[in-house]
1. In whole Hz, what ³J(HN,Hα) sequence does segment 38-52 give by Karplus (6.51, -1.76, 1.60; θ = phi - 60°), x for Gly and Pro?
2. Round to a whole number: what % of the accessible area of segment 75-187 belongs to carbon and sulfur, probe 1.4 Å?
3. Do you know the Lys pair count in segment 105-187 for C-alpha distances under 24 Å, with sequence separation 8 or more or different chains?
4. Given the options Thr125, Thr175, Thr82, which has the most mean-square fluctuation in a GNM of the chain, springs set between C-alpha atoms less than 10 angstrom apart?
5. Gap in Å between the Cα centre of segment 148-187 and the Cα centre of segment 25-74?
6. Looking at segment 1-74, which GluC sites (Glu not before Pro) are DSSP coil and have at most 11 other C-beta atoms within 10 Å of their C-beta?
7. With everything on Cα atoms, drop me the angle between helix 6-17 and the longest principal axis of the chain, reported from 0 to 90° to the nearest 10.
8. So for the chain, what percent of the C-alpha to C-alpha distances run longer than 25 Å?
Amino acid sequence: MLRTNLPFLSYIEELYQNQTNDRHITLRTFSPGDLLLKQGELPFKLFILKSGIVKCYFYEENAKGFINEFLSDGEITGELETIRGIPCLCNIEAISDVQAFAIDASIFNLLLEKDTNLNKLLLLTLTDRIINTSRKASIQQLYKTEHGLKKVLDLQSQYGVNISKEDLADYLGVTLRSLNRLLKDLK
Ligand SMILES: Nc1ncnc2c1ncn2[C@@H]1O[C@@H]2COP(=O)(O)O[C@H]2[C@H]1O
């Protein structure tokens, strides 16, 4: 549930440290509740997380939220827009203090043209996301929510993160009321 991408983090840290005069990569900080990317908007920057946790979620027209993933160290956001030229698919919101490397979309596109390392890292990242999203979707279809909840609670204690009940419900695709009932039944 909490995705990290340490090879990507090493890659961007090296680029950041080796910058000379033109500092195209900057380090930015965000507080809980700050939006790094907004659904439907065209971002000019991509972010690669250095530390902290963000949630990646959709808002549907009926004001329901659905959380795809919780992303942490080394995860990239905003790459889909840059590659496909489409508005941001989802919102990326900090749920803890976050530090992220920011890179201009135009610079990222230039790097994509000449850096095979970046291309390989990106392919691995995108294929991982397809695998994780498909796995999550099939688990949600095949098993009861209780099964998903147990897994999420295990992972939460494994990573030592504290995720609000609202976010847990949005991650599992259930109402807060159902989540409270499930939590009560688990006791
Ligand atoms: N299923 C997913 N898992 C992880 N991250 C995602 C997923 N879907 C979208 N994102 C990220 O959310 C970002 C929103 O802006 P973009 O569409 O540019 O790029 C998107 C990806 O970086």
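The values are calculated or read from the model by the stated rules, or taken from the named source; none is laboratory data. Owing to the predicted nature of the structure, the values given are computational and were not obtained by experimental measurement. Every residue, glycine among them, receives a Cβ derived from its backbone with ideal geometry; neighbour counts consider all protein chains shown. Each accessible area value is taken on the protein alone, full model and side chains, heavy atoms only, with ligands, DNA and RNA left out. Shrake-Rupley method; radii C 1.70, N 1.55, O 1.52, S 1.80 Å.
1. Working through the residues one at a time gives 10, 3, x, 9, 8, x, 9, 10, 9, 10, 10, 6, 8, 7, x Hz.
2. Here carbon and sulfur together make up 53 percent of the probe-accessible area.
3. 16
4. Sorting by GNM fluctuation, first place goes to Thr175.
5. 21
6. Numbers: sites: Glu13, Glu14, Glu41, Glu60, Glu61, Glu69; in loops: Glu41, Glu60, Glu61.
Sparse-neighbourhood loop GluC sites (Glu not before Pro): Glu60, Glu61.
7. 30
8. Details: 6351 of 17391 pairs.
Of the Cα pairs, 37 percent sit more than 25 Å apart.
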